[in-house]
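Have a look at the structure below before the remarks.
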Ligand SMILES: [Zn+2]
């Protein structure tokens, strides 16, 4: 395995500097007032990371970025392969093809689908993954006979996934994507909705494309050690994840999945599951 090259690391430094400048430039980021999850106007300063201050909702405990990035900032952050390389290298993954490198990664995700009964009784089901990156989890489900589709806003990563794995990946932000209504059994998302501007807008769209008996499975990181991760706009806790799901689903379950990663670092993680779409 090779470490990211000097060129790649210099490029990352330059990108981060530009992101920081854009965040400070009027018109490139918008100010958030009120809790994006429960709507409460009672918020308090929580932390200041390299780019922005973070606020905490007094009512539901949700922590969120006080500024939301515009398209220019998002494109700098997620526009090419450097994001994938940086993210996956830390997990011991260097190539987009099914191999031993991926066992821990896909095993954890397919494992939670299995344990929560979302793979069904063996009959093919229809899965959608939000922020599917290169699509390896979808590929694994496809190999097990399921019908799969995903979206990924990063054009280079989604193109690589289509090419290498043959998975149906749409290059778009989920909220902007036109999909058939009431057609999926499971909508899932791993470590993605903490990056989106509005988790509620994402849920509005999830419940449109799910069948009435369908299920959503969301994994998010949690814990204050995440505050310095400047890609994250949302820092969920059990309560805020629960509130988000129960506004849209009849049955809500939150599972603490904190674990030790590839490098031996403790990672806080929550699974949120919503079953049966609420009638509206
Ligand atoms: Zn709140």
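The values are calculated or read from the model by the stated rules, or taken from the named source; none is laboratory data. Everything numeric here is computed off the predicted structure, so don't read it as measured data. Cβ atoms come from the backbone with ideal geometry, glycine included; neighbour counts cover every protein chain shown.
Some points to look at:
- Residue in the stretch 68-78 that is closer than 16 Å to residue 196 by Cβ, touching a helix residue (DSSP H, G or I) at 6+ places or on another chain (Cβ under 9 Å) and either in a strand (DSSP E or B) or within 13 Å of the ligand (Cβ to nearest atom) (or both) present: yes
- Consider the stretch 37-56 and keep the residues that are touching a helix residue (DSSP H, G or I) at 6+ places or on another chain (Cβ under 7 Å) and within 8 Å of the ligand (Cβ to nearest atom). The one that is farthest from residue 23 (Cα to Cα) is 38.
- Residue 157 meets the conditions (1) crowded, with 24+ Cβ neighbours inside 10 Å; (2) in a helix (DSSP H, G or I); (3) in contact with a strand residue (DSSP E or B) (Cβ under 6 Å, 6 or more places away or on another chain) in every case but one. The failed one is (3).
- Qualifying position, being free of Cβ contacts under 8 Å to residues at least 40 places away in the same chain, under 30 Å from residue 39 (Cβ atoms) and touching a helix residue (DSSP H, G or I) at 6+ places or on another chain (Cβ under 7 Å), among 201, 172: 201
- Condition check for residue 241: assigned to a helix (DSSP H, G or I), within 28 Å of residue 91 (Cβ to Cβ) and touching a strand residue (DSSP E or B) at 6+ places or on another chain (Cβ under 8 Å): yes
- In the stretch 16-41, the residues that are under 16 Å from residue 231 (Cβ atoms) and within 21 Å of the chain's Cα centre (by Cα): 16, 19, 29
- Number of residues in the stretch 60-82 that are over 17 Å from the mean Cα position of the chain (by Cα) and farther than 30 Å from residue 96 by Cβ equals 4.
- Members of the stretch 232-260 found to be closer than 22 Å to residue 87 by Cβ, exposed (fewer than 14 other Cβ atoms within 10 Å of the Cβ) and touching a helix residue (DSSP H, G or I) at 6+ places or on another chain (Cβ under 9 Å), listed by number: 259
- Among residues of the stretch 20-41 that are within 15 Å of residue 75 (Cβ to Cβ) and modelled with pLDDT of 95 or more, none has a Cβ under 7 angstrom from a residue that is away from the ligand (no atom under 12 Å from the Cβ) and in a strand (DSSP E or B) at a sequence gap of 6+ or on a separate chain.
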